[in-house]
1. Each residue of the range 280-296 in turn: what ³J(HN,Hα) in whole Hz from Karplus with 6.51, -1.76, 1.60 and θ = phi - 60°, glycine and Pro shown as x?
2. Would you mind checking the radius of gyration and Dmax of the range 235-377 based on alpha-carbon positions, in Å?
3. With θ set to phi - 60°, apply the Karplus curve 6.51 cos²θ - 1.76 cosθ + 1.60 along the range 253-267 and write out the HN-Hα couplings as whole Hz, x wherever there is a Gly or Pro.
4. I need the calculated FRET efficiency for the pair residue 250 and residue 555, taking r as the beta carbon distance and R₀ as 35 Å, to the nearest 0.05.
5. Which FRET efficiency, nearest 0.05, do residue 343 and residue 318 yield, Cβ-Cβ r, R0 22 Å?
6. Which of the peptides 581-593, 443-455, 496-508 is most tightly packed, and how do the rest follow, going by the mean number of other Cβ atoms within 10 Å of each residue?
7. With a ≥ b ≥ c taken as the square roots of the eigenvalues of the C-alpha gyration tensor of the range 478-621, please select rounded if a/c is under 1.5 and otherwise prolate if a/b is larger than b/c or oblate if it is not?
8. For a footprinting-style exposure proxy, rank 259, 299 by other Cβ within 10 Å, fewest first.
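Every number in this text was worked out from the coordinates using simple rules, so none of it is lab data. Predicted model only: the values in this text are computed from it and were never measured. Reconstructed Cβ throughout: ideal geometry from the backbone, glycine too, with neighbour counts over all protein chains shown.
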Amino acid sequence: MRSFFSMSSLMLVICLVLSFLYPTATHPHGVNNFHLHLAGRDSPTQTTKYPISAKARISSAYANSATLCSGAHCTVATPLPGRLPCNAVNGTTFLGATPNGTKYTLICDIDFPAQNIYPFVLAGSFDACLAQCDGYNARNVTTKARCAGFVFAPDRINDADDCYLKSSLDNPASATIHLVGATIIPSASSCASSTPSLSFPTPRSHLDSSTPSLRVGELKMLGSSTNKPTTQYVSHVPASPQKLASNLLVPGLNTDLITQYPIADDTGSWTESQLHGGAKLANMKVVPHMSRDGGKGGTINGTHLFIFCDTATFQIDQTAGTSQMVGFASSSVATDDGMKALYGDPLDLVDNLGEWQDDVGRMRGFAPMTTGEESFNIDLSGNGYRYAVWPESSLIPLNASHALLYPALVYDVVDMKTQAAVFNNVGNSILLVSVDPTYGPSAERVVRQLYNQQQVAFGTLGGIRSWGSSGTGANDGHIYLFGKGNYGVLVARTIPSGYTDLSTYEYWNGSSWTKDMSSSDSKAVMLDTLVQDLDVIYVPAMRSFIMIYLNTLADNTFYYRHLDLDLNAEDKDFDVDNIVKAKWSDEQVLAKINAPAQGYVYAGGVHAGYFGADDVTNGGWKLLITWTEHTGKDAASPESGYAHKSAYVQLGID
């Protein structure tokens, strides 16, 4: 991670003094290290998460209330087939179930933006949505209020917002997700024709020769996140850190301290399995003030995590106007509280029960440390030497309940006279991340060191999950991992059953996957641009992939590229291998962030899944981006030295 010494030197000195007393006291990151509108919806609403399939079909939509109008004067009703592709029924006319037999024209993948009678209706089926429209008109026969038609999202059932009644049918537009709808035929003319009474645009799924383009619509800055630590902690007997032999506690990189020692019991968040149901909760004496670096994350089973690197906690006496730093850890984690971004507000982040070491606000650290790393830090961090574990990427899903992180391992050397720091990369580790229902997110360090300091640390930059034939959330498929090379972004992959075993990893050599590990000088890159941060996600609404990144030019800009927007592609074309085999578009600007008070924005990423069914990962077009910037203020001040900020971006297709 990056920081600026002119701002953080005071914080550093305090950290180093405290490190003699507290195992977690360490030095902050350094500046020279570059690790680091959905169809039918008028406003954001929290919804259930239902991914949109690439080839959605009408699912038994018309068995009861809707019948085909087959005679010249609609005198004979024949059932509509129970399951048909959308284009097979587009333009068909049918009768509703009301006594007057309202005549409808079936439409496919067409929407009428900003004309919803209600924000949405929970229907659950095409028939129920049709009944809502008929019922609305029956209740309003003496008024001018009318339901002119409706659209139904068949992939959004099971209590999701799936039905949208339309007050008018102006400006019809191609839908951005799969929709099946119907419009009322206003006249008593024959409904035998299969041609719609309105002139609708051709659905994108029918435009075989179309070349749609991705565009950025609305960008809304949400502001700085607020930290809300819990007021309780797990009361326990303090651990006694292991003391190593004096010949091991000397300056200099010693990877044995990383690889040859067990995980320290007093590091890493608490879990139920550690406490065996016997935990006693006690009130904290103070609610600590926090200052922390980084802040990328993701979603596990509905919980939104934000994971930080170096984190300091302070006791602040508002009356006396004084502050005291009480602890420092190389990582921490918080969860979203209130889903404030859905309403256009800054995020509220809660630090959970499992993170706290004691009642004054010292933290256990999210990423567990080995006893070798911990003992070294206790003895030598006051002299400017320490080991750190920095989670720097978005979460990589593993299955329905767990995700992976490949945190950077760093040996940090600080010149105590000049405060200049040198960050020595020591490869990376693997964290298996889950969410304890009582104590919050936790990480198990399942591999202490995966790649070493001589190798490309694949995974530290992040990755993308490719689900196998068993479907989303299962344990087959592949895990694709990104690494920083001298010529751009390199790619490796492994299997979910073998991710802890380096021998299962394969590397893209420009034409195929090979067991030969890519070197940093490899030119077999997915992206020929040097980046600070990177996310690659599959976007169901555009049937393609998008990458979003910050470059190394410190220009405060999120950029994006995408693969071909081939909305007619078959499922096989959604193979994640396309990220290395297909051609990415030219670079375009996603969001330009105002220059911060000091330095530049960094730790930028996409928080996948935040907006539920509206989210770009679930069939919608909205995405949440986050980043960190320096406030130019002291770490103990209300501005906390670092600001974790967010914005939402609305994408679309022209």
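1. Here the 3J(HN,Hα) series is 10, 8, 9, 6, 6, 5, 9, 8, x, 8, 10, 9, 8, 10, x, x, 8 Hz.
2. When restricted to Cα atoms, the range 235-377 yields Rg and Dmax of 17.2, 57 Å.
3. Using θ = phi - 60°, the values come out as 6, 9, 5, 4, 5, 8, 9, 10, 10, x, 6, 6, 5, 9, 10 Hz.
4. The computed FRET efficiency comes out at 0.25.
5. FRET efficiency, residue 343 to residue 318: 0.15.
6. Numbers: 581-593: 14.6, 443-455: 18.2, 496-508: 16.2.
Going from most to least packed, we get 443-455, 496-508, 581-593.
7. On the way: a/c = 1.70, a/b = 1.16, b/c = 1.46.
Here the range 478-621 falls in the oblate category.
8. Values: 259 14, 299 21.
Least to most surrounded, the residues fall as 259, 299.
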